[in-house]
Amino acid sequence: MATAAAPAVNLRAARGFGRDELVQRGAILLLAAWLVVTVLLPLWALLSKSFESADGKWVGLDNYITYFSTPTLIGSLWNSLFVSALTTAIVLPLAFLYAYALTRSRMPAKGVFQAISLVPILAPSLLPAIALVYLFGNQGIFKSWFPDGAIYGWPGIVIAQVFYCFPHALMILVTALSTADARLYEAANALGAKRWRVFWTVTLPGARYGVISAGFVIFTLVITDFGIAKVIGGQFGVLATDIYKQVIGQQDFAMGAVVGFILLAPAVLSFAVDRLVQRKQVALLSARAVPFTPKPRFGRDAVLFLYCAGVGGLILAILGMALWAPFIKYWPYDLAFTLANFDFYEFDSSGWSPYWVSLQVAAWASVIGTTVVFLGAYLVEKSRGFGWGRGIAHFMAMMPLAVPGLVLGLGYIFFFNAKGNPLNFLYATLAILVVNTIAHFYTVAHLTAVTALKQIDAEFEAVSASLKVPFHVTLWRVTIPICLPAILDIAIYIFVNAMTTVSAVIFLYGANTKPAAVMIVHMDEAGQIAAAAAMAALIVATSAGVKVLHVFLSRALSRQTQAWRRR
Amino acid sequence: MKDGNGPAAVSPLEPRAGPIHSSATAEPPYLVVRDLAKAFGNFVALRDIGLDVAKGEFVCFLGPSGCGKTTLLRCIAGLESQTTGTIRQAGRDISRAPPAGRDFGIVFQSYALFPNLTVSANVGYGLRSKRMKSKAIAARVAEMLALVGMPDAGRKYPAQLSGGQQQRVALARALAIEPGLLLLDEPLSALDARVRVRLRHEIKSLHRRLGITTIMVTHDQEEALTMADRIVVMNHGVIDQIGTPEEIYRRPATPFVADFVGTMNFLDGVVAAPGRVRLGDAELVCAAAEGLAPATAVRVSLRPEDIRVRDMGPDVPNRLEATIDDIEFMGSFCRADLTLAALPGADLRADFSINLMRDYGLAPGQRLAIAFPSDRLRVYAKP
């Protein structure tokens with residue numbers, strides 16, 4: 001049989017590589033081109049804009065000099081650093097103890113606490129800010145706690161940020177704390193170490209990379225977030241709101257670009273540190289480690305339970321306020337039930353259409369994004385040869401994580417709105433929102449796919465080549481079915497983020513393509529806070545619904561397609 | 001072939017390896033590798049590789065980890081592309097062909113079975129794309145599963161099988177497409193010792209039945225010695241020696257081969273005269289030192305089991321006085337640490353049969369006369 005096939009392959013052999021290799025190389029080039037257009041060129045446009053005057057002339061560092069000599073702008077920089085540092089200092093110990101309770105105790109209801117702590121991820125960052133306005137704002141029931149509107153400013157920003165960042169920090173810390181080697185604890189106990197000593201010498205050092213990583217993630221989230229400062233920041237200017245003011249308010253694109261680049265610095269730094277630290281974290285746990293299982297201890301478990309109940313209660317209180325608010329007739333004077341706030345036509349001429357726009361963007365971004373990301377990760381991870389092409393594609397896939405949404409959105413204006421750009425027609429369409437959303441959340445999705453692909457035997461492609469099976473057959477019959485859970489995770493991740501994000505898309509929507517999260521900002525600006533809360537609640541409900549669907553779907557899927565995992 | 005740049009091998013008796021089968025059948029070799037080199041950046045993984053494999057031969061690439069044996073196998077498969085050099089298979093130049101354009105089946109240490117497909121689907125995987133009728137595929141799959149001794153495993157998933165069973169399935173999958181060349185990349189290394197020995201015999205008997213040209217990579221000298229028609233010993237990216245298991249064991253071409261395959265004693269000496277070597281106070285007759293100039297510094301090697309104790313008359317050649325320092329019981333034999341009166345600083349190990357131990361009542365502290373059989377001594381000039 002083999003000899004019969006020989007002449008056909010001979011021709012290809014002479015060319016140096018076969019059809020599989022040609023197709024793969026072509027696809028890698030396509031992927032690279034996609035990333036160049038959706039990530040690299042917009043950033044480049046932003047960079048060059050920051051060195052130009054309003055009429056497009058090269059002015060060198062003039063814009064930067066202007067920036068650093070304008071006191072209000074510099075003030076925002078300090079303000080940003082201040083709230084980011086303060087939030088980090090609060091969230092880190094809060095989340096560490098919570099994560100410790102989830103991983104190192106035998107307290108009851110762990111699953112419930114874990115679920116509660118992750119709920120904020122389903123909400124736009126605007127949501128906690130709106131809840132705080134209801135609780136402590138000018139009309140708030142507890143407004144005496146923050147007299148004279150003190151909540152509008154850094155206190156409000158920090159409280160809302162703590163709520164918003166908590167789950168992100170928690171996930172990292174839970175991972176760091178759950179990879180414990182029981183042998184180290186046994187050794188410490190055998191050597192007669194006291195509990196505190198064990199904590200300081202074994203637990204904390206074991207999780208130190210997680211703590212560092214979480215710290216940088218929180219700092220970056222806060223400094224790059226736009227929604228919270230917009231809603232509850234009042235006169236307290238931060239970098240993110242400055243960009244918005246410069247670009248939307250004053251139409252000063254050059255200065256917007258400068259602030260964007262300053263915002264890029266902490267994000268890039270945090271990204272670099274995180275990559276460095278993650279590499280070390282992996283090495284900590286050797287294959288021979290024995291997983292740690294905590295033993296019950298009443299005192300510790302009771303204290304941690306009360307702590308988690310307290311933190312979880314606060315999360316639910318903020319969430320509950322935000323979800324209750326839209327159903328109230330006239331806060332705080334008439335608490336009667338109403339659905340009037342969901343009649344968005346009363347507040348804005350676009351009515352319900354922003355919600356449908358968001359659903360469409362999320363659905364398209366989820367489907368197209370998952371396809372592009374997974375196939376891209378497959379090519380980067382599993383194709384043979386063409387190392388530099390794969391390396392460049394991977395590098396570009398990692399970039400978006402270091403780029404704040406506002407910065408990316410601004411880059412999109414400069415790039416896609418440029419007169420000479422043949423892609424100009426995309427501007428202000430649904431398509432650009434989809435493309436931007438995929439680019440914005442590319443990295444985490446890419447890493448999820450790469451992790452799943454790395455867990456598959458590295459020799460599948462070699463085996464199929466030896467069996468003369470084209471690579472796409474193995475991709476379809478083996479690789480995709482095995483990775484289906486990860487693929488679903490990616491789809492959900494992109495969907496939820498597309499529903500909740502404001503930062504990038506706030507610069508990109510058109511008259512008929514205003515997303516729901518942007519609508520929240522506009523209604524809040526117009527003082528229609530109840531309607532804003534209604535839209536936020538709608539987004540949370542949608543994200544939560546999709547998440548629940550995801551759980552059921554993956555259960556059904558694993559029954560259908562993952563039968564082979566059972567022994 | 002090449003002896004590499006290791007310590008110079010001095011062995012006029014060395015049969016410079018050519019395929020042992022080729023002279024008998026006068027057929028051109030099935031696989032020809034010439035002047036192959038592979039570099040990863042600045043790291044040279046393979047250098048000056050030349051190799052002929054006859055049709056139907058079972059060849060083992062043997063060497064420590066990092067010696068380049070797997071890289072060489074992957075170059076032959078097309079999974080790595082060599083920096084320079086040519087590979088011809090069945091008369092066809094496949095130097096730059098992609099893996100799919102070559103004719104081989106491969107089995108990996110990790111089995112690489114598709115976990116979401118049944119055993120049958122795994123074995124039939126390569127047949128489906130050959131546009132065979134499904135009945136014909138099913139028949140072929142059944143035949144292959146019977147061949148590897150697992151006729152009833154078809155409906156199971158890989159995770160339900162033991163490691164040894166999974167490796168059999170991988171073997172069946174590779175053989176199902178009737179490749180001209182079978183490549184085995186450490187196929188037994190992930191298995192338990194017992195399973196390993198059993199599968200070793202089965203692979204060997206499969207090879208005898210099918211007559212398929214086979215190349216196996218291994219770091220286990222026992223595997224190589226028991227399974228291979230010829231062994232290619234590799235070290236630091238070069239081939240040190242190619243030969244039959246017996247040649248490799250009896251006449252290692254370099255100190256590396258001597259040390260890596262089996263256990264070997266090394267003693268420092270100097271060539272006294274053609275065919276004679278001085279070891280400390282003693283002078284030994286040594287055929288292997290024939291071609292060396294006097295005063296050349298050499299390492300003399302001898303296998304522990306070749307040290308002679310029986311029938312030691314006073315005029316036995318190469319007779320030496322020794323003391324037993326320690327005896328280690330190894331089950332079927334004993335390993336003794338000896339000190340030579342003529343060369344007090346040297347470590348010398350000798351394997352004594354249980355029989356010999358009993359007959360001579362050997363014990364630590366005892367002095368005895370031993371002899372180094374002249375034809376068993378190997379001599380390597382020091383670099």
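The values are calculated or read from the model by the stated rules, or taken from the named source; none is laboratory data. Values in this document were obtained by computation on a predicted structure and should not be read as measured data. Here the Cβ positions follow ideal geometry from the backbone for every residue, glycine too, while neighbour counts run over all protein chains shown.
Residues of the range A:492-501 that are of a type outside the set (Gly, Ala, Ser) and buried (at least 24 other Cβ atoms within 10 Å of the Cβ): A:494, A:495, A:499, A:500, A:501. Being more than 15 Å from residue B:306 (Cα to Cα) and surrounded by 14 or more Cβ atoms within 10 Å (Cβ to Cβ) is a description that applies to residue B:368. The set of residues from the range A:242-282 being over 18 Å from residue A:44 (Cα atoms) and aliphatic (A, V, I, L, M) comprises A:248, A:269, A:272, A:273, A:276, A:277, A:282. When the criteria are applied in full, residue A:420 fails the requirement of being in contact with an Asp or Glu (Cβ under 7 Å, 6 or more places away or on another chain), surrounded by fewer than 17 Cβ atoms within 10 Å (Cβ to Cβ) and either within 14 Å of chain B (Cβ to nearest Cβ) or at pLDDT below 95 (or both).
A single entry from A:112, A:91 fulfils the requirement of being surrounded by 23 or more Cβ atoms within 10 Å (Cβ to Cβ), within 30 Å of residue A:303 (Cβ to Cβ) and hydrophobic (A, V, I, L, M, F, W, C): A:91.
Are any residues in the range B:169-182 in contact (Cβ under 8 Å) with a residue 40 or more places away in the chain and either within 8 Å of chain A (Cβ to nearest Cβ) or farther than 16 Å from residue B:30 by Cα (or both), and if so, which ones? I'd like the intermediate steps shown before the answer.
Initially, the range B:169-182 is screened for residues in contact (Cβ under 8 Å) with a residue 40 or more places away in the chain, giving B:169-177, B:179-182.
Those that are in contact (Cβ under 8 Å) with a residue 40 or more places away in the chain and either within 8 Å of chain A (Cβ to nearest Cβ) or farther than 16 Å from residue B:30 by Cα (or both): B:169, B:170, B:171, B:172, B:173, B:174, B:175, B:176, B:177, B:179, B:180.
Quick grid of which residues meet (1) surrounded by fewer than 23 Cβ atoms within 10 Å (Cβ to Cβ); (2) free of Cβ contacts under 8 Å to residues at least 60 places away in the same chain; (3) polar (S, T, N, Q); (4) touching a helix residue (DSSP H, G or I) at 6+ places or on another chain (Cβ under 8 Å):
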site	(1), (2), (3), (4)
A:425	yes, yes, no, no
A:436	no, no, yes, yes
A:450	yes, no, no, yes
A:465	no, no, no, yes
A:490	no, no, no, yes
A:506	no, no, no, yes
A:509	yes, no, no, yes
A:516	no, no, no, yes
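Here the condition is being without any contact (Cβ under 8 Å) to a residue 60 or more places away in the chain, of a type in the set (Val, Ile, Thr) and more than 8 Å from chain A (Cβ to nearest Cβ); of B:59, B:32, B:44, it holds for B:32 alone. Of the conditions (1) farther than 30 Å from residue B:146 by Cβ; (2) assigned to a helix (DSSP H, G or I); (3) of a type outside the set (Lys, Arg); (4) within 13 Å of chain A (Cβ to nearest Cβ), residue B:81 satisfies every one except a single condition; which number is it? It fails just one condition, (2).
Restricting to the range B:312-365, name every residue that is among the charged types (D, E, K, R) and assigned to a helix (DSSP H, G or I). Matches in the range B:312-365: B:358, B:359.
So which of A:547, A:514, A:468 is basic (Lys, Arg) and within 14 Å of another protein chain (Cβ to nearest Cβ)?
Values: A:547 fails: within 14 Å of another protein chain (Cβ to nearest Cβ); A:514 fails: within 14 Å of another protein chain (Cβ to nearest Cβ).
Of A:547, A:514, A:468, the one residue that is basic (Lys, Arg) and within 14 Å of another protein chain (Cβ to nearest Cβ) is A:468.
Among B:189, B:205, which is the only one that is more than 13 Å from chain A (Cβ to nearest Cβ), hydroxyl-bearing (Ser, Thr, Tyr) and over 23 Å from residue B:103 (Cα atoms)? Before you say what the answer is, go through the steps one by one.
Working: B:205 fails: over 23 Å from residue B:103 (Cα atoms).
None of the others qualify; the one that does is B:189.
Filtered by the rule that a residue be touching a helix residue (DSSP H, G or I) at 6+ places or on another chain (Cβ under 6 Å) and either farther than 19 Å from residue A:178 by Cα or basic (Lys, Arg) (or both), the range A:92-115 gives A:106, A:110.
Under the condition of being surrounded by 16 or more Cβ atoms within 10 Å (Cβ to Cβ) and either in contact with a helix residue (DSSP H, G or I) (Cβ under 7 Å, 6 or more places away or on another chain) or among the hydrophobic types (A, V, I, L, M, F, W, C) (or both), the residues counted in the range B:179-203 number 15.
For every residue, the table says whether it meets (1) in contact with a helix residue (DSSP H, G or I) (Cβ under 8 Å, 6 or more places away or on another chain); (2) modelled with pLDDT under 90; (3) more than 24 Å from residue B:191 (Cα to Cα).
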| position | (1), (2), (3) |
| --- | --- |
| B:106 | yes, no, no |
| B:130 | no, yes, yes |
| B:150 | yes, no, no |
| B:165 | no, no, no |
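Filter the range A:336-378 for residues that are without any contact (Cβ under 8 Å) to a residue 60 or more places away in the chain and under 30 Å from residue A:24 (Cα atoms) and give the result. Listed by number, the list holds a single entry, A:371. Inside the range B:306-342, residues that are of a type in the set (Asp, Glu), touching a strand residue (DSSP E or B) at 6+ places or on another chain (Cβ under 8 Å) and under 28 Å from residue B:275 (Cα atoms) make up a count of 2. Within the range B:239-259, if we keep just the residues that are under 17 Å from residue B:229 (Cβ atoms) and among the hydroxyl-bearing types (Ser, Thr, Tyr), the residue that is surrounded by the most Cβ atoms within 10 Å (Cβ to Cβ) turns out to be B:249.
Is there a residue being more than 24 Å from residue A:241 (Cβ to Cβ), assigned to a helix (DSSP H, G or I) and touching a strand residue (DSSP E or B) at 6+ places or on another chain (Cβ under 9 Å) anywhere in the range A:172-189?
yes
May I ask you to verify whether residue A:136 is closer than 27 Å to residue A:325 by Cβ and touching a Lys or Arg at 6+ places or on another chain (Cβ under 7 Å)? Working first, answer last.
On the way: closer than 27 Å to residue A:325 by Cβ: yes; touching a Lys or Arg at 6+ places or on another chain (Cβ under 7 Å): yes.
So residue A:136 passes the test.
Summed over the range B:15-34, the residues that are within 22 Å of the chain's Cα centre (by Cα), charged (D, E, K, R) and at pLDDT below 95 give a count of 1. Would you pick out the residues in the range B:85-133 that are facing chain A (nearest Cβ under 7 Å) and in a helix (DSSP H, G or I)? B:99, B:100, B:101, B:125, B:126, listed by residue number.
Taking the listed residues B:54, B:39, the one that is small (Gly, Ala, Ser) and more than 19 Å from the chain's Cα centre (by Cα) is B:39, with no other qualifying. All told, residue A:244 falls short of being touching a residue at least 60 places away in the same chain (Cβ under 8 Å) and over 30 Å from residue A:49 (Cβ atoms).
Test of understanding: among A:384, A:390, which residue is buried (at least 20 other Cβ atoms within 10 Å of the Cβ) and in a loop (DSSP other than H, G, I, E, B)? Can you show your working first?
Details: A:390 fails: in a loop (DSSP other than H, G, I, E, B).
After applying the criteria, what remains is A:384.
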